[in-house]
1. Calculate how large, on average over all directions, the projected area of the Cα convex hull of segment 75-200 is; give the answer in nm² to one decimal.
2. In sequence order, what are the phi-derived ³J(HN,Hα) couplings for segment 308-314 according to the Karplus relation 6.51 cos²θ - 1.76 cosθ + 1.60 with θ = phi - 60°, rounded to whole Hz, with x for glycine and proline?
3. Please report the base-10 log of the normalised intensity I(q)/I(0) for segment 171-235, using a Debye sum with one equal scatterer per alpha carbon and no solvent, at each q in 0.21, 0.22 (1/Å).
4. Once label points are set 7 Å from the Cα along Cα→Cβ at both residue 191 and residue 174, what is their separation, rounded to one decimal in nm?
5. Report, in whole Å, the centroid distance computed from the Cα atoms of segment 36-86 and segment 271-304.
6. If you wrap a convex hull around the alpha carbons of the chain, what volume per residue comes out, as a whole number of Å³?
7. Mind ranking 17-24, 74-81 by how tightly packed they are, going by the mean number of other C-beta atoms within 10 angstrom, highest first?
8. If I model a spin label at residue 127 and residue 139 as a point 7 Å from the Cα along the Cα→Cβ vector, what separation in nanometres do I get?
Amino acid sequence: MSAHLRLARLAGAASIQDGGRHGYLRYGLSASGPMDPLAFAAANRLVGNPADAAALEFGLAGARLRAEGGAVRLALAGAPSGMRLDGEPVAAHRSLVLPDGAELTIERPREGVFAYLAVSGGFAVRSVMGSRALHQRAALGGLDGRALREGDRLPLTASPTGGTDVCLDPVPLQRTAPIRVVLGPQDDLFSETGLATFLHETFTVSNRADRMGYQLDGPAIAHGPGGFNIVSDATVAGSVQVPGSGRPIVLLADRQTTGGYPKIATVISADLRRIAQRRPGEPVRFEAIDLATATRLAREEAARIAALGARLKPVESETERLMAANLAGAAVDALGTED
């Protein structure tokens, strides 16, 4: 029997995602892929995979997974979530081996939304149009074109379990940092008051938030005299649409590819993960930057992802950690003199 992970329990949303299904926008199909590309890449690099290999994305979810048919090397990164291996606590942002028959429990994240579980060698699900990423509304990719559910058996490719466990510093969520945007392409369709509201007021993520987009609650953004209907044109990940209600909608990984509401701004690619990791009720503020700065930040984020492999560190045993701390180095005797 080939090795697989059995999803013994799932509380929340989960899917298989990879680097995305690119090249199909002209046909009305967005790329999908991870909501937090940096955390997703970190999980993959921890187990020796390419940064864009297929992994599990958990959204505000807890789960219990069992290794069957062989041991599995895996790692969890992203939103801070407690983990236990057969009941014993283990750390995230490090690789570990799940023995055959053992269970890994992942708790709902304490903060943030999305966490990623990668396995060495990746998941052996069928590629559809060049990608294993689930696009749920199109029923493409993932496991049989759907989200994951309890009882699913997730087939694995060969999963190397030898070698040294490695770790990475946790990926910061930046849940209170402003979301940087480039204004436009239709910012001229908003009044000065509307633009000021967008840039200077605080919004919150509403309960109408999923992989397609996050609708925000807060003060209404006023359109200009031309109203809120435009001839439908293209959207991108990060497009901020403002319908007639004046409540902005930030379009994300599974967005529609065209839309007829004016777009006041576009969230820069480096900050898509910042807003994706905000929960309903958490604050969102916007900050406008110029295109040259947005381009520089995009390149820096790409370089950060590319450098993850070079930042891997061996996992120290508890004994090694205590020895490195040199706890006896400053010991003193009962008279207060140093040894």
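The values are calculated or read from the model by the stated rules, or taken from the named source; none is laboratory data. Everything quoted here is computed from the prediction, not taken from an experiment. Glycine gets a Cβ as well: all are built from the backbone with ideal geometry, and neighbour counts include every protein chain shown. The accessibility values were calculated without ligands, DNA or RNA, using every heavy atom of the protein model including side chains. Shrake-Rupley method; radii C 1.70, N 1.55, O 1.52, S 1.80 Å.
1. Over every viewing direction, the Cα hull of segment 75-200 projects on average to 12.0 nm².
2. Couplings: 4, x, 6, 9, 5, 10, x Hz.
3. Log10 I(q)/I(0), no solvent term: -1.15, -1.23.
4. Output for this residue pair reads 3.3 nm.
5. Comparing the Cα centres of segment 36-86 and segment 271-304, I get a distance of 24 Å.
6. Details: hull volume 57.3 nm³, N = 339.
It is 169 Å³ per residue.
7. Those peptides, ordered most packed to least, come out 74-81, 17-24.
8. 2.4
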